[in-house]
Ligand SMILES: Cc1ncc(COP(=O)(O)O)c(C=O)c1O
């Protein structure tokens, strides 16, 4: 039998639109962590971007009912009428924004919403302003759509939030979008109405710029933080704002793959053209489950939020007690983004110097058996992200291992 021919031998090279994009560091660290786990090492993975809760029973029932009713065929291209109505009611009830049904679109996860939006709107060379640290997919999706990510560093001192001056400076005649995410993955930072106001004032002065807001973590906020979305704060921007949301995080439905958005009709229509040739429509069963989620009793959200808040407090306190680590208190999501600047330059027992946040995360993985993600994966160093969507017992154990590993470093 002939030996199989490798892709290189047949002359395969990736298309230029994806050649610059690598598998993310999150995936790489995750694979290493799983490899060590398979070898029997007691690895604690604090890298996952999904709640550890189960999808609520009433949501599962919505899906079971749909299957039994034969609701298992292609649906309308960008969402069933029932789901669009549930989303319309959600936007009005929870966000004080009114969208017509043809201003709403549904896709296979919020990630596909972002993909559809960029593919539908960017011409080669168009710029997209992305406050940094950012969710890795933002810059990759922009690049696949042949746009240019314009990364603007938002420091811990500025609460990882973009300022009006930074936004003003980042906008050029080529700017097509500004992409804001509140609460943020990876920093957990969120914009209050007062934080948003100066940014929206800048956008009012630049009528060619569109605003994409990713409200995915809307239901996971802490203390007395009040979530708001820009289309509600500034109706004059509603016609050029895409308000993105989904059921993945709030309803613990990451595997069901349903995301949605409200926005200007012309953009929503263009996005449906992209979707029509990518997936035809989102899963019929998952859409039925999402109707149940959005129309059902929302009281369980408060309980889950309280549980996340206890874990946030545990992790922030544990990290800040470690010499060399500083962690800002996040307003939302289920991530901490702590600085490891105070540990750079220190030496491990085998005389290796911790020079970067990647070195630090690799050290934690091999010595403390805890997997966390370096800030470099999100465009800002020297930081590391912990996802605290796991049990308090596991978090406590992980924190004490991290503390021991840090103490073992020498100056
Ligand atoms: C900020 C942010 N937006 C969007 C998504 C994507 O969510 P979905 O599961 O709906 O694709 C994620 C998932 O990690 C996220 O962190």
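The values are calculated or read from the model by the stated rules, or taken from the named source; none is laboratory data. What you are looking at is a predicted structure, and each value in this text was computed from that prediction instead of being measured. Cβ coordinates were reconstructed from backbone atoms using ideal geometry, including for glycine residues, and neighbour counts include every protein chain displayed.
Looking only at residues that are part of a strand (DSSP E or B) and in contact (Cβ under 8 Å) with a residue 24 or more places away in the chain in the range 339-382, which one is nearest to residue 49 (Cα to Cα)? I'd like the intermediate steps shown before the answer.
Within the range 339-382, the first condition is being part of a strand (DSSP E or B), and the residues that meet it are 339, 347, 353, 370-371, 373-374.
After this cut, where a residue has to be in contact (Cβ under 8 Å) with a residue 24 or more places away in the chain as well, the list is 339, 347, 370-371, 373-374.
Numbers: 339: 19, 347: 31, 370: 16, 371: 13, 373: 11, 374: 14 Å.
Of everything passing the filter in the range 339-382, 373 is nearest to residue 49 (Cα to Cα).
Among (1) over 30 Å from residue 299 (Cα atoms); (2) in a helix (DSSP H, G or I); (3) more than 16 Å from the ligand (Cβ to nearest atom); (4) in contact (Cβ under 8 Å) with a residue 24 or more places away in the chain, where does residue 172 come up short?
(2)
Mind checking whether some residue in the range 58-74 is within 16 Å of the ligand (Cβ to nearest atom) and in contact (Cβ under 8 Å) with a residue 40 or more places away in the chain?
Yes; the residues of the range 58-74 include at least one that is within 16 Å of the ligand (Cβ to nearest atom) and in contact (Cβ under 8 Å) with a residue 40 or more places away in the chain.
Quick test of your reading of the structure: residue 192 fulfils all but one of (1) under 28 Å from residue 337 (Cα atoms); (2) away from the ligand (no atom under 16 Å from the Cβ); (3) crowded, with 22+ Cβ neighbours inside 10 Å. Name the failing condition by number.
(3)
Residue under question is residue 143, and the condition is that it be closer than 22 Å to residue 26 by Cα, away from the ligand (no atom under 16 Å from the Cβ) and crowded, with 17+ Cβ neighbours inside 10 Å; does it hold? First the steps, then the outcome.
On the way: closer than 22 Å to residue 26 by Cα: yes; away from the ligand (no atom under 16 Å from the Cβ): yes; crowded, with 17+ Cβ neighbours inside 10 Å: yes.
Yes.
Considering only the range 125-134, state which residues are crowded, with 22+ Cβ neighbours inside 10 Å and assigned to a loop (DSSP other than H, G, I, E, B).
Pass one, the range 125-134, residues crowded, with 22+ Cβ neighbours inside 10 Å: 128-131, 133-134.
Those that are crowded, with 22+ Cβ neighbours inside 10 Å and assigned to a loop (DSSP other than H, G, I, E, B): 133, 134.
From 63, 7, 82, 31, which residue is at pLDDT below 95 and assigned to a helix (DSSP H, G or I)?
From the options 63, 7, 82, 31, the qualifying one is 31.
Are there any pairs, at least 6 apart or on different chains, whose C-beta atoms fall under 6 Å, with the first in the range 256-270 and more than 13 Å from residue 113 (Cβ to Cβ) and the second within 16 Å of the ligand (Cβ to nearest atom), and if so, which?
Every condition considered, the pairs that remain are 256/286; 256/289.
When residue 379 is evaluated against the numbered criteria (1) more than 22 Å from residue 24 (Cα to Cα); (2) touching a helix residue (DSSP H, G or I) at 6+ places or on another chain (Cβ under 8 Å), which criterion, by number, is the only one it fails?
(1)
Out of 341, 393, report the one residue that is within 27 Å of the chain's Cα centre (by Cα), closer than 30 Å to residue 21 by Cα and surrounded by fewer than 21 Cβ atoms within 10 Å (Cβ to Cβ).
Details: 393 fails: closer than 30 Å to residue 21 by Cα.
Exactly one residue qualifies, and that residue is 341.
From the list 204, 122, 180, which one is away from the ligand (no atom under 15 Å from the Cβ) and either under 25 Å from residue 78 (Cα atoms) or buried (at least 23 other Cβ atoms within 10 Å of the Cβ) (or both)?
Within the list 204, 122, 180, the selection yields 122.
Give just the number: which of (1) over 22 Å from the mean Cα position of the chain (by Cα); (2) surrounded by 15 or more Cβ atoms within 10 Å (Cβ to Cβ) does residue 11 not satisfy?
Going through the list (1) over 22 Å from the mean Cα position of the chain (by Cα); (2) surrounded by 15 or more Cβ atoms within 10 Å (Cβ to Cβ), residue 11 breaks only (2).
Collect the residues in the range 96-113 that are in contact with a helix residue (DSSP H, G or I) (Cβ under 6 Å, 6 or more places away or on another chain), farther than 21 Å from residue 252 by Cβ and either touching a residue at least 40 places away in the same chain (Cβ under 8 Å) or part of a helix (DSSP H, G or I) (or both), keeping them in residue-number order.
Those that are in contact with a helix residue (DSSP H, G or I) (Cβ under 6 Å, 6 or more places away or on another chain), farther than 21 Å from residue 252 by Cβ and either touching a residue at least 40 places away in the same chain (Cβ under 8 Å) or part of a helix (DSSP H, G or I) (or both): 96, 97, 99, 101, 102, 103, 104, 105.
Go through the range 10-33 and give me each residue that's more than 21 Å from residue 359 (Cβ to Cβ) and free of Cβ contacts under 8 Å to residues at least 60 places away in the same chain. Lay out the reasoning, then the answer.
Narrowing the range 10-33 to residues more than 21 Å from residue 359 (Cβ to Cβ): 10-21.
Answer for the range 10-33, where residues must be more than 21 Å from residue 359 (Cβ to Cβ) and free of Cβ contacts under 8 Å to residues at least 60 places away in the same chain: 10, 11, 12, 13, 14, 15, 16, 19.
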